[in-house]
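Just below is one structure, and these are the notes that go with it.
Read-outs: derived from the displayed coordinates by stated rules, not from any lab. These numbers come from a predicted model, not from an experiment. Counting neighbours? That spans all protein chains shown, and the Cβs are built from the backbone with ideal geometry, glycine included.
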Amino acid sequence: MLGEDRSEEEFKALVVATILDTNPEGALDMLCEHYKVDRPTLGVGVVKGRSKGVLAVYSRNRKEILAANRDSLYDPFTIIHEFYHHLRHHGTKHRGTEKHADKFAGGFILAYNATVKRMLAENEKPGRGPR
C-alpha cells in the first residue's frame, strides 16, 4: 500500500467491511461500479468437478460466484478473490491466475487492516474520549 491513494485504501476497506457486515451483494455492487463491469450473481452451491475442497468458485458460463457454504459468503478474501476471476474473464479467455487473484484479494484485506489500525490509533490520541 505504499503510495496507494487514501481514498483507494478506504474504498478497499469499505468493501471488506461490507462483506463482514453480511452484505456481500452490496460489496459486489461497489466493486462492479468501481471497475465498471456487470455484476455477477452470488449463490451457494457447487460446480461439478470444480468445487471439491474450495470455499468458492467463479462460473464463467453463468457469470456467478458460487460459495461452497453460507459462511463463505461472508469471507472477504474468498468473495474478492472470486470477483477477480469475474473481472479478468474477457470473452472466452481467462487472463488471471490464482496467484494474482490472491494478491488482488490480499490488497483489500491489507487496506482494511491498515484502516482499522489507523482508526484505533486516532481514537487513542490524548483528549479523545470514547465515541
Given the pairs Lys99/Lys125; Lys63/Lys117; Lys36/Lys103; Lys12/Lys63, which are separated by over 31 angstrom at their Cα positions?
Lys99/Lys125; Lys63/Lys117
Phi to ³J(HN,Hα) by Karplus 6.51 cos²θ - 1.76 cosθ + 1.60 over segment 55-67, Hz, x for Gly, Pro
7, 6, 9, 9, 9, 4, 5, 9, 6, 9, 9, 10, 7
What order do you get for Tyr74, Tyr58, Tyr112 when you list them from fewest to most C-beta neighbours inside 10 Å?
Tyr74, Tyr112, Tyr58
